[in-house]
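Read-outs: derived from the displayed coordinates by stated rules, not from any lab. All values reported here derive from a predicted model rather than from experimental measurement. Note that each Cβ is placed from the backbone with ideal geometry, even for glycine, and that neighbours are counted across all protein chains shown.
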Amino acid sequence: MEKLRETLRVRKERAILVAAVLGSDRDDLVELSALAESAGAVVVDRFQQKIRSIHPSTYIGKGKTDQLGERVKRFKADVVIFDNGLSPAQIRELEEIIRIKVLDRSELILDIFATRAKTRQAMLQVELAQLEYTYPRLTQMWSHLDTVTGAGGATGVGVVGGIGTKGPGEQQLEIDRRLVKRRIVELRRELNNIDRRRVREITGRQGLFKICIVGYTNAGKSTLLNALTDAGVLVEDRLFATLDTRTRRWSPARGADVLISDTVGFVKNLPHQLVASFKATLEETINADLLLHIIDVSNADVLKQIESVNVVLEEIGCGDKPTLMVLNKVDSLQNLAQLEMLQTVFADAVGISARTGFGLDKLAEKVTEKYKGDEVLVRVSASQSNGKVQSFLRAHAQIINEQYLDGFVLIDARLGQNQLPDLKKLHPDKFEIIER
């Protein structure tokens, strides 16, 4: 069975997708199909089964496993991919019966991330996630983990035992565990160094309003960033096209300069090892002043996708962060009732098409409102020589009244509450809020 699991990758392999659902649950395998195709597999069959309970050895039970084995032969499949999370023992038992490689959803997602990673940081993060996923599963997943003989012999196994080793020697399993554990420590150390540099970079942005685009994978986050900033970020119609964060400057209105970033997309049941290892990438989300939750309104499972994103946001501590819902792909929507439902549920949401540019002006207005906060009427007195105060108010406020008196200027202006601290830093001679 060793050759079945020489690689977890599924590129150009013929795949059968399996979904085992309990009770009244539903799984149409649409997302798993997209994931498999994103990994490079060719989907040749879908095997959906309702089960009363999870079978401890094969998940779906012996009868259904035998049926799956027949379909494997009929469709000449190379790999079976479950939309469920399987234990190492279940994977091994399934492989023994159907005689081809079996992957679960988490392994598939880890593989896709591995193929998408381009930067040093992303590659380290994916490798760490893969090893952390593999480490606790070494006991039962790999069939080569046999007892290593002791000293003697010219074989590689004999060499492992080494001179002076008596008895049966240690298991290959323990050797593999030590190697994996050592590599995990090395990866964490290197990623911690990257994390510290990233924290310093983010800390250097203090005083700037920070926006982060979050959402389900393939919802249009990179397309939106390109539309707003001409960032030139890779845009492809596939899951997890972008793993690395991009940050650009954006001016949604006159005098409103913000930093806007996109992030790795989310999916349901995202392996927690990935969430943990991509903490540095998600740091932009954690430190943002505002989240733009971009939603693909043309997707039939839009509500489930929204919930999946919210689950990950909760997991990284961003569940209560100010968020503006952005209903994307309205130009592709066939069912207008779905858009009306979403606009009812999320009354403050903005409908846009990042691809065509529709609604981006309304989005800029909404972001500007969030950037400024509720407006207040302020009265500012400053020396005529203090040009910074006057320039700031002309750039960020609506001037209501302006009087030039003996050596100073008196200005009444409407200004967003979020800009009050910046105004105070310019040290006007007198500053007061005269109307809220």
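Here are the numbers for this structure:
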quantity	calculated
Over segment 43-132, relative contact order from alpha-carbon pairs under 8 Å, at least 6 apart, %	24
Of all DSSP beta bridges in segment 2-113, antiparallel share, percent nearest 5	5
Links that overshoot a 27 Å alpha carbon limit, given the list Lys101/Lys304; Lys12/Lys118; Lys76/Lys181	Lys101/Lys304; Lys76/Lys181
Whichever aspartates and glutamates have a C-alpha closer than 13 Å to that of Lys321, once near sequence neighbours (fewer than 8 apart) are set aside	Glu284, Asp289
Estimated vicinal HN-Hα couplings, Hz - segment 308-317 in sequence order (Karplus 6.51, -1.76, 1.60; Gly, Pro = x)	4, 5, 4, 4, 5, 4, 4, 5, 9, x
Long-range HN-HN contacts of Thr263 with modeled amide H, under 5 Å	Ile213
Phi-based couplings in Hz for segment 393-402 (Karplus 6.51, -1.76, 1.60; Gly and Pro marked x)	5, 5, 7, 10, 10, 9, 6, 9, 8, 9
Under-5 Å amide H pairs with Asn84, H placed in peptide plane, nonlocal only	Ala20, Arg105
Neighbour net charge for Ala288 - beta-carbon separation under 10 angstrom, K R +1, D E -1	-1
Residue order, fewest to most surrounding Cβ atoms within 10 angstrom, among His396, His55, His427	His427, His55, His396
Percent RCO, i.e. relative contact order, over segment 373-436, from Cα pairs under 8 Å lying at least 6 residues apart	52
Table column - 3J(HN,Hα) (Hz), segment 245-253, Karplus curve with 6.51, -1.76, 1.60, x for Gly and Pro	6, 10, 10, 9, 7, 9, 10, x, 7
Residues with amide H under 5 Å from that of Val43, placed H, sequence gap 5 or more	Ala15
